[in-house]
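Shown next, in structure tokens, is the structure this report addresses.
The values are calculated or read from the model by the stated rules, or taken from the named source; none is laboratory data. Since the model is a prediction, treat every value here as computed from it, not as a measurement. Here the Cβ positions follow ideal geometry from the backbone for every residue, glycine too, while neighbour counts run over all protein chains shown. Note: accessible area is taken over every heavy atom of the protein model, side chains too, but ligands, DNA and RNA are not part of it. Shrake-Rupley method; radii C 1.70, N 1.55, O 1.52, S 1.80 Å.
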Amino acid sequence: MKTLFLWASLLLLVFLSLPTFSKHVEYTLVVDREPRNITGKTVQAITINGQLPGPTLEFTEGDHAIMHVENRMEKPITIHWHGLLVPNNMDGVPYVTNAPIMPGDSFTYEFPIKQSGTYWYHSHFGLQEQYGLTGPIIIHPKERPDNAPADQIIMLADWNDERPEETLRKLKRNNEGFAIRTGNAQTLIGAIKAGTIGNVTKRNLYSLVNAEVSDIAYDRVITNGLTDFNVFQPAGRQVRLRVINGSTSTYFYLSYAGGPMTVIAADGQDVEPIQLDRMLIAVAETYDILVTVPEDESLEFRATNYDGSNYTSSWIGHGEKIYAPTIEKPNIYTYAANVGTEIIKRIKNRRDNINYKNQLNTENITNIEGPILTGGNELNRPPAPYQKLRFVTSSALPKHAPTRIVKLKLTGDMKRYVWSMNGKTLSEDAYIRIKKGENVRFVLTNNTMMRHPMHLHGHFFRVVNGQGDYSPLKHTVDIAPMSTTMIEFKANKEKDWFFHCHILYHLESGMARIVHYEGTAVSPEIQAIRYKALEDPWYTWADIGLQSNMNTGFAIARNNLNDVFLTWESNWEKEYQATLGYYRYVNRFFSGFIGVNTDTDLSPHRTRAVAGFYYLLPFKVNSLIWIDNRGNGRVTLNREIAIIDKFGIGFEYEYDSFAKSEYLVELTYWHSDFLSFSASYHNEYHGGVGVLLRF
Ligand SMILES: [Cu+2]
């Protein structure tokens, strides 16, 4: 009897010490390049198991997730599990946490599921997310009531037939076509009509760039891969819309034909239910919204692009179509004027946003986005609903942990399309160093003219929003232009975690950091390839002008800080001049310059070495000042002005202490991203008409 008891006790002990049984849930994800037709034109997309977006991965909290990813493409890939708390070596950021999965290879991601809610996954390699390499994730809580609402994924995305690499190159060259196509081009006549010309003049004094509501014009926005999506659920059924903004760069306003929307979760985490008539969802966020399927109506759930250019709909129920409220288009002139006024105020006050000194250790820093950002029409185009979000339990951080404060200014040069933090891109300044056990606060101030959805890997952070201990936990937070938001998190991980803007083209242009836990390190294999995450790629383009009186050309290779360029003009006969030059970027006002110039006006000594600088003068006048190896100086000034949509005027004036002064006036009419028509007058080459070609 005694022995039996002993054996039984031993057995119990062994059983208790075993890891608790967790269900293994396996998926095989085959990634391939396949043709897709979303707009009427067939182009190459990236699919998972033949689907775009990829299949929904469904788990229950406590499961053990196993994803076999096969790469059948000709390019490397990685998959990131957005919002999931995974081990560092499963996070899927190429060269930061993982080696990419090479063409023909496969990799198994495997991790315990420690949370519930709505999430998504996407490629973190290059611009693959824009090709469609994304998919939804649903994680059910352990206890699931029988009367739980039905689940419905609403995965929003933006889509262009154009290759995203080409889109990025156009952004780098400051392509005007995107703003023309979204209806948000800002012109002289437009500003006069809108009554903001006085403000434009003030902004021009400081050569400020205009605030923008989007970077890119999209052919379509889609819900679960379709422009119009039908929700198949029986009438009377309560449905949990799991809304995922899987766009690469489009914010959406959500509106619903069935009255106010009941929001019950944000970024996968439950919040106290709130009712909203319309709401802004930033790129990479998720919200869960409760709706009930109507009897004999079809209610529209609409997602409208923040720039007002397009929308995508989900239809809930069968019957007469009831349309969701229309979201007013932004008034781009008022918006730009309001943001501009705020910047000028700050320049004049010579102070850096708000004075943090007395506030850093309090909870006073909340999202200060106000009417300035909504064109004074906050009710129609409200900011992200963060101030209303309240966590269901306390999310307070440990009371006695040391606090680390990290101030991060979101910065950028919109004209060059380089995005950064504290003025430095990822390749210039890669790391934010923290220690395990700290409470870490990021004070995020957006000094740019655009919104940025900032995403932290591997952690949930509190958005300090005035809800005290009940601040919501999120993985992505929108920072509006000229606003400051504080987020904070318990530093309870190790190694390296990516922190970046989730607008894919901003990430790709430098707006990222690696949050590094001091005293810990990723594997030597990852360290050995880390440099590849910090590369600063070159972009190239050229403009060729062919006119009856003259031809002109401009070809450039540019990365974050360097330009190598060739420019020329000729009268098709004996007269020409050309410059091969190099700019070293210092800031948006100043670049150093060296080059070689050759000019027939200088005969017989045509060719000379030149050195000087570029300077951005007030009223957005570009100047280049140089001296040559014989002591002669030259000043070149130029300026372009958009008069109305598609129609612009350019001036150039050149004073040279040795050669004749020259000037050029040019009218251009934008026809496409590739072609403009032009007419010009040059004081030596006289008048002519022709075309401008962009390569
Ligand atoms: Cu951004």
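Observations, loosely collected:
- Residue-normalised accessible area of region 155-256, given per residue in Å² at a 1.4 Å probe: 35 Å²
- Positive end of the dipole of the chain (Cβ unit charges, origin at the Cα centre): among Phe677, Leu29, Met454, the Cα lying farthest that way belongs to Met454.
- This model, with +1 at the C-beta of Lys and Arg and -1 at the C-beta of Asp and Glu, gives region 17-143 a dipole about its Cα centre of some 280 debye.
- Region 539-694, dipole about Cα centre (Lys/Arg Cβ +1, Asp/Glu Cβ -1), debye to the nearest 20: 460 debye
- Cross-link pairs beyond the 21 Å C-alpha cut-off, checked among Lys193/Lys646; Lys114/Lys495; Lys345/Lys646; Lys172/Lys407; Lys23/Lys142; Lys407/Lys436: Lys345/Lys646; Lys172/Lys407
- Furthest towards positive pole of dipole, Phe252, Gly631, Gly50, structure part the chain, Cβ charges: Gly631
- Under 13 Å from a label point set 7 Å out along the Cα-to-Cβ vector of Val691, the amide N atoms of region 538-563 belong to 544-548.
- Here the chain exposes an accessible surface that is 56 percent carbon and sulfur, computed with a 1.4 Å probe and the other protein chains kept in place.
- Projected label points at Lys75 and Phe677, each 7 Å from Cα along the beta carbon direction, are separated by 3.7 nanometres.
- Here the label points at Arg163 and Thr598, each 7 Å from Cα along the C-beta direction, are separated by 3.3 nm in the simple model.
- Compared with the dominant Cα axis of the chain, that is its longest principal axis, helix 332-349 is turned about 80°.
- Heavy-atom accessible area for Tyr531, with the other protein chains in place and a 1.4 Å probe, reaches approximately 130 Å².
- Two-site FRET efficiency, Glu295 against Arg144, from Cβ-Cβ distance with R₀ of 25 Å, rounded to 0.05: 0.40
- Rolling a 1.4 angstrom probe over the protein heavy atoms with all chains in place gives region 635-695 an accessible area of 53 Å² per residue.
- Accessible surface for region 544-585, divided over its residues, is 45 Å² per residue with a 1.4 Å probe.
- Kirkwood-type radius of the chain, with distances r between different C-alpha atoms, in Å: 27.6 Å
- Span from the region 576-644 Cα centroid across to the region 458-529 one, whole angstrom: 42 Å
- Working note: Debye formula, equal point scatterers on the alpha-carbon atoms of region 398-519, no solvent; log10 I(q)/I(0) at q = 0.11, 0.12, 0.16, 0.23 Å⁻¹ is -0.34, -0.41, -0.72, -1.42.
- With the simple spin-label model, which puts each label point 7 Å out from Cα in the Cβ direction, the Lys435 to Thr520 separation comes to 1.5 nm.
- Among residues other than Ile332 with Cβ under 9 Å from its Cβ, the summed charge is -1 (Lys and Arg +1, Asp and Glu -1).
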